[in-house]
Amino acid sequence: MRASHLEDFYQFLRFPSVSTDDHYTEKVTECGHWLVEKLTKIGLSAKLCPTPGHPVVWAHNKQQPGRHTVLIYGHYDVQPPDPVRLWDSPPFEPVLKNGYVFARGATDNKGQILSHILGVQEQIEAAGDLPVNLHFVIEGEEEIGSANLGNFLSQNRKALKPEIVVVSDTGMISRGVPTMSYGLRGVAALELKITGPKMDLHSGIYGGAVANPLTAMARLLATLHDANGHITIPGFYDEVLPLEDWEREMWRKIPVNVDEEIVKETGVPELFGEKGFSTLERIWARPTAEINGFGGGYQGQGTKTVIGREAMAKLTFRLVPNQNGDKIIALVQEYLQKNCPPGVKLDMAAGHAGPWYLTDPHSQYGEAAQRALKKAFERDPVLIREGGSIPIVSDFRDILGAETLLLGLALPDCRAHSPNENFPLENLDAGIRINKAVLQEIAA
């Protein structure tokens with residue numbers, strides 16, 4: 001690892017580029033300017049493109065006819081560092097410990113996108129140019145839904161014209177195991193509010209005579225699953241695309257004890273999920289219904305004997321091919337309204353959403369990516385789907401007409417979005433090697 005590469009990483013991480021909090025707006029923009037300067041120094045044409053929110057960084061080499069065109073996407077915004085008290089070191093003061101750099105954004109996504117920038121830098125230094133026409137598009141709003149990136153892509157579609165998009169913002173199945181993701185789950189959110197009396201009530205005077213909104217919410221949410229982890233909403237599974245035989249066989253051969261690793265990483269006493277499917281199948285190819293938040297009534301110290309006037313819950317549904325988010329939300333709303341207990345009123349509001357993504361890992365570019373991963377790690381890559389969602393990859397398909405290669409560098413214990421987020425320097429090096437190899441393979 002070059003000392004200058006490590007210093008670039010540290011400088012990048014020191015920007016508190018938190019996109020969701022207006023107090024950090026200036027720092028987000030400063031981080032974008034730093035990227036423009038870095039990309040310019042390595043020999044690309046780079047600029048900061050304003051949006052109604054945080055700016056997009058766009059850089060490219062000289063576009064020459066007869067070459068393949070590749071777009072590399074990443075993001076420079078990060079999640080808030082809270083709760084700061086749980087960090088072992090200040091979140092925006094990177095620390096190197098045992099080969100891992102600890103800082104907010106180290107894995108998600110600064111380490112991963114920087115590895116591509118450094119790979120391009122080394123190729124230009126060695127050969128004076130790249131083997132492809134290249135665009136970097138690095139946004140500052142991924143952590144808040146990429147609200148303005150679609151417009152940027154539409155406005156610059158003719159100038160971009162990529163044949164393929166490369167993204168490193170996903171995970172590796174295990175340390176040292178090259179991993180290519182070819183599918184992502186979608187997501188759809190729903191907020192619930194149950195109201196009862198017009199004010200909090202004394203639970204002794206009114207208890208037993210008035211329906212308790214918190215009890216009603218708990219009863220309602222408990223109907224979402226049966227004892228075997230199946231979602232009970234009629235029609236929920238109707239359009240789920242079954243796994244292919246080759247996928248089941250490939251996932252069974254993954255050289256990692258996934259169940260053991262998840263128990264170790266999460267600290268749960270045992271795993272639980274939809275009966276009839278393996279852990280990987282549940283995470284990568286089955287839909288879910290999750291309660292992300294639940295509250296109401298008295299939350300302070302000690303006891304306050306009240307019947308709270310309202311209860312709230314936040315739900316998300318992870319979706320798989322070929323589910324439609326709008327249809328799923330409609331099914332859920334119909335089911336919850338029908339099963340709402342008596343004596344209370346239920347209100348629902350749909351939240352953010354993003355579609356699932358599935359591409360062919362055996363396509364021309366998919367095969368090129370696998371060859372690149374094998375070169376970079378000197379072992380055969382593993383093909384997986386991801387349980388999470390990256391809605392923007394569907395925009396690459398719909399707006400630019402390009403599929404996406406998801407070449408992740410995040411380890412299962414990277415703690416993205418949590419205190420003590422970290423990224424191993426060996427993966428920064430691996431990302432540099434992947435970048436060089438994938439551009440060469442696509443150019444061939």
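Read the figures in this text as sums done on the coordinates, not as results from a lab. Just so we're clear, the structure is a prediction, and the values are computed from it rather than from any experiment. Reconstructed Cβ throughout: ideal geometry from the backbone, glycine too, with neighbour counts over all protein chains shown.
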Between the helical axis of 325-339 and the dominant principal axis of the chain, each derived from Cα atoms, what acute angle in degrees is found, rounded to the nearest 10?
10 degrees
Mean Cα-pair separation over length for the chain, i.e. relative contact order, pairs under 8 Å, 6 or more apart, %:
27 percent
Can you list the aspartates and glutamates whose alpha carbon sits under 13 Å from that of Lys275, skipping same-chain ones fewer than 8 residues off?
Asp226
Please state the shape class of segment 22-132: rounded when a/c is under 1.5, otherwise prolate if a/b exceeds b/c and oblate if not, all from the C-alpha gyration tensor.
oblate
GNM, the chain, Cα, under 10 Å: largest mean-square fluctuation among Gly235, Gly105, Gly207?
Gly207
Report, ordered by chain and residue number, the aspartates and glutamates lying within cross-link reach of Lys375, taken as a straight Cα distance under 18 Å and ignoring same-chain residues fewer than 8 apart.
Glu122, Glu367, Glu426, Asp429, Glu441
Given charges of +1 on the Cβ of Lys and Arg and -1 on the Cβ of Asp and Glu, with all other atoms neutral, how large is the dipole of the chain about its Cα centre, in debye to the nearest 20?
300 debye
For Arg2, what is the net charge nearby, where nearby means another residue's Cβ is under 15 Å from its Cβ and Lys, Arg count +1, Asp, Glu -1?
-2
Estimated [θ] at 222 nm from DSSP helical runs (n ≥ 4, -39500 (n - 2.57)) normalised by residues in the chain, nearest 500:
-10000 deg cm²/dmol
In whole angstrom, note down how far apart the Cα centers of segment 335-404 and segment 192-249 are.
25 Å
Find out how many positive minus negative residues lie around Gly105, taking Lys and Arg as positive, Asp and Glu as negative, among other residues whose Cβ is under 9 Å from that of Gly105.
-1
Select from Pro197, Pro16, Thr170 the residue farthest towards the positive end of the dipole of the chain; place +1 on Cβ of Lys and Arg, -1 on Cβ of Asp and Glu, and compute about the Cα centre.
Pro197
All lysines inside 18 Å of Lys27 as judged from Cα atoms, apart from same-chain residues fewer than 8 positions distant:
Lys38, Lys47, Lys110
Which of the listed residues, Asn61, Gln79, Pro91, is farthest toward the dipole's positive end in segment 55-100, when Lys, Arg count +1 and Asp, Glu count -1 at the beta-carbon?
Asn61
Note on the chain: alpha-carbon gyration tensor, axes a ≥ b ≥ c; rule is a/c under 1.5 for rounded, else prolate if a/b larger than b/c, else oblate; result prolate
For Val382, distant residues with modelled amide H under 5 Å away:
Thr179, Met180
How large is ³J(HN,Hα) for each residue in segment 18-35, as worked out from phi by the Karplus curve 6.51 cos²θ - 1.76 cosθ + 1.60 (θ = phi - 60°), to whole Hz, x for Gly and Pro?
7, 7, 7, 10, 4, 5, 9, 3, 4, 5, 4, 5, 4, 5, x, 5, 4, 4
